[in-house]
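Here is the structure we will look at.
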Amino acid sequence: MSGDGEYHGLIVREGIRDPTVFQGMTVLGTKTGQNWTLIKIGIEPKAISRVIREVQSNLLSEKRVPYYAHFYRGEELIIVFPDRAFHVSPEEDSWKEAISYGESLGVPRAELDFRPCRFRDETF
């Protein structure tokens, strides 16, 4: 882990079973597409494990293709699927196992893009 600052997380609202999971989280911004709303949250380092567990247990997987979320700070990127999490770096070369896993679940390759994964690359 690098640094003592907060993590940021990106979660698709429509991919969460129980929206009350967002209560008590700091929402830093939202971005809306045609059929989705991406929520960016801020998480204190001491709460990251708890938040990951809460989000992971609420990710929809009943439909054909499961949702995922990702959390990041510094040189750390955590990609969370309903049944598995990957601790990688912001460097795309480190994502191969997570991408393969997502594809094995039916997530289209084009949707397995874990950006932004650095604060400087955020657009909202």
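What follows draws every value from the coordinates through simple rules; no lab data is involved. All values derive from a computational prediction rather than experimental measurement. Cβ placement follows ideal geometry from the backbone for every residue including glycine, while neighbour counts extend to all protein chains displayed.
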Inset, instruction - Starting with the fewest neighbours, write out ARG120, ARG84, ARG73 ranked by other beta-carbon atoms found within 10 Å of each beta-carbon. - result: ARG120, ARG84, ARG73
Legend entry - Within a Gaussian network of the chain (alpha carbon springs, distance under 10 Å), most fluctuating of LYS40, LYS31, LYS63: LYS63
Legend entry - Residue-averaged 222 nm ellipticity for the chain, from DSSP H runs of 4+ at -39500 (n - 2.57), nearest 500: -4500 deg cm²/dmol
